[in-house]
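I have placed the structure first, in the form of structure tokens, so that the comments after it can refer back to it.
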């Protein structure tokens, strides 16, 4: 029964995301002024359910930290394709909550063709992940 509830909630969140993604593309909805993400999109994603939202935030933050370590490792060994793969994964999660500054940092990495740019791009990625993390802890 619990599995059915979780699957139902997951399905509901996916349906909400698809609606919000379509709306944001049409309305150019993005991160709130001064925020690293859209509070409205996060609220709507789970229809205001605080428990699920808190669980989602926890999972997102843990995933971002894990992927940031992978990005740092890719830069350390100068593996631009791996860095781009990690950035793409982070970007996908960032889109769920319209975290536009983080999305832009990821896209910059994805479009990079120069190894010499990796350090600066990683720094921007780190900054945006930490900024998002700080703001989500307050959510």
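Rule-based calculations on the coordinates, nothing more; no lab input. Just so you know, these numbers come straight off a predicted model, no measurement behind them. Note that we place each Cβ from the backbone using ideal geometry, even for glycine, and neighbour counts take in every protein chain shown.
Between residue 126 and residue 107, the modelled label-to-label distance comes to 2.5 nm, taking each label 7 Å out from Cα in the direction of the beta carbon. As a proxy for reagent exposure, ranking 88, 111 by other Cβ atoms within 10 Å from fewest up yields 111, 88. Relative contact order of region 84-139: what whole-number percent is it, with Cα pairs under 8 angstrom and at least 6 residues apart? Dividing the mean separation by the residue count of region 84-139 yields 34 percent. Once C-alpha pairs closer than 8 Å and six or more residues apart are averaged by separation and normalised to the residue number of region 58-116, the relative contact order reads 31 percent.
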